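Notes to accompany the following structure.
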Amino acid sequence: MNVDDVRVRPYTGDRDALRPLFELAEDSPAQLDGYLHTGRILVAHNGPDVIGHLQLVDAEQPGVVELKNMAVRADVQGLGVGALLVRTAVDR
């Protein structure tokens, strides 16, 4: 896989479908239940496959967001997908 083939876009679908990705970065099911449905999510696609995500939630300070959860599938880690997600989030 080449990171140039990866597309990042906002996610508006069922967040429970992304739970396995969230669980890569959060080992507490109770914690994850508390924030899974908050904030905004960007997903990284390689063709039809979702290979990573990044979740942003509003912080207490106006205009500030927190990167709450981010993960990339194990089989594509180390190829720049996470960096692409972060760059896209900063650009937005």
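Here are a few things to note about the model shown:
- Residue in region 1-50 that is surrounded by the most Cβ atoms within 10 Å (Cβ to Cβ), counting only those that are closer than 16 Å to Leu84 by Cα and touching a Phe, Trp or Tyr at 6+ places or on another chain (Cβ under 7 Å): Ile41
- Screening Thr88 against (1) in a helix (DSSP H, G or I); (2) in contact with an Asp or Glu (Cβ under 7 Å, 6 or more places away or on another chain); (3) of a type in the set (Val, Ile, Thr) leaves a single unmet condition, (2).
- Within region 69-92, the set of residues being open to solvent by 80 Å² or more (accessible area, probe 1.4 Å) and within 21 Å of Asp33 (Cβ to Cβ) is empty.
- Qualifying residue in region 15-22 (condition: at pLDDT 95 or above and touching a Ser or Thr at 6+ places or on another chain (Cβ under 8 Å)): no
- Top-ranked residue of region 49-77 - restricted to ones that are hydrophobic (A, V, I, L, M, F, W, C) and over 30 Å from Asn2 (Cβ atoms), ranked as nearest to the chain's Cα centre (by Cα): Val57
- Among the residues of this structure, Val8 does not count as one that is of a type in the set (A, V, I, L, M, F, W, C) and either more than 22 Å from Val90 (Cα to Cα) or modelled with pLDDT under 95 (or both).
The values are calculated or read from the model by the stated rules, or taken from the named source; none is laboratory data. From a predicted model like this one, the values you see are computed outputs, not experimental measurements. Heads up, the Cβs are rebuilt from the backbone with ideal geometry, glycines too, and the neighbour counts pull from every protein chain shown. SASA here: full protein model, heavy atoms, side chains in, ligands and nucleic acids out. Shrake-Rupley method; radii C 1.70, N 1.55, O 1.52, S 1.80 Å.
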